[in-house]
Amino acid sequence: MITTETALTFATASFLIGLAPGPDNLFVLTQSALHGCRAGLMVTCGLCTGLLVHTVAVAAGVAAVLNASVIAFSILKIAGAAYLLYLAWKSFTSVQKKLSAEEDRKELGMAGLYRRGVIMNITNPKVSIFFLAFLPQFIDPAGGSTVQQTFSLGALFIAATVIVFGGVALLAG
């Protein structure tokens with residue numbers, strides 16, 4: 001069980017990290033501005049699903065493996081960078097055409113926005129580093145089940161993400 005002090009400290013840090021500019025924030029902002037708050041909220045749901053993957057990975061001990069293996073951590077960082085390069089390549093090589101916001105939304109679709117949010121979050125190096133290096137520092141082995149503590153902290157991070165990214169989606173939409 002995490003203490004109230006630990007929960008408040010971690011929640012504050014999570015909120016501040018959510019506010020830090022990054023690809024996730026920009027994607028929520030862009031999709032909300034172009035297609036409305038519903039599109040931004042769909043991306044936010046995808047990003048939060050990605051956070052569940054990170055939380056489960058830390059609880060399963062993947063963090064320990066990645067911390068111990070420079071090669072495994074490098075592979076994760078390279079995968080994240082490769083996905084961002086892929087998105088950049090797609091934007092530069094796409095055929096330029098005039099679409100209304102409605103046609104563009106239909107082309108990608110809400111499921112596509114959700115899926116892109118999941119992939120972006122899982123491959124985002126900032127989130128990976130946070131979950132691998134920062135989250136475990138708040139786990140106290142003397143405080144009971146480390147798995148339960150990990151899921152509690154992951155839930156706090158997801159709540160902070162919903163507040164920050166949901167706010168961005170609503171304001172930009």
Does region 126-150 hold any residues that are surrounded by 16 or more Cβ atoms within 10 Å (Cβ to Cβ) and over 30 Å from A33 (Cβ atoms), and which are they? L132, L135, P136, F138, I139, Q149, T150
Among what's in region 19-48 and is of a type in the set (S, T, Y) and open to solvent by less than 40 Å² (accessible area, probe 1.4 Å), pick the residue that is nearest to T146 (Cα to Cα). T44
Which members of region 1-44 meet the condition of being in a helix (DSSP H, G or I), closer than 15 Å to G154 by Cα, hydrophobic (A, V, I, L, M, F, W, C) and touching a helix residue (DSSP H, G or I) at 6+ places or on another chain (Cβ under 7 Å)? A7, F10, A11, F15, I17
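The values are calculated or read from the model by the stated rules, or taken from the named source; none is laboratory data. Please read all numbers here as calculations on a predicted model, not as lab measurements. Note: ideal-geometry Cβ built from the backbone for every residue, glycine included; neighbour counts use all protein chains shown. Just so you know, the surface numbers come from the protein's heavy atoms only, side chains and all, with ligands and any DNA or RNA stripped out. Shrake-Rupley method; radii C 1.70, N 1.55, O 1.52, S 1.80 Å.
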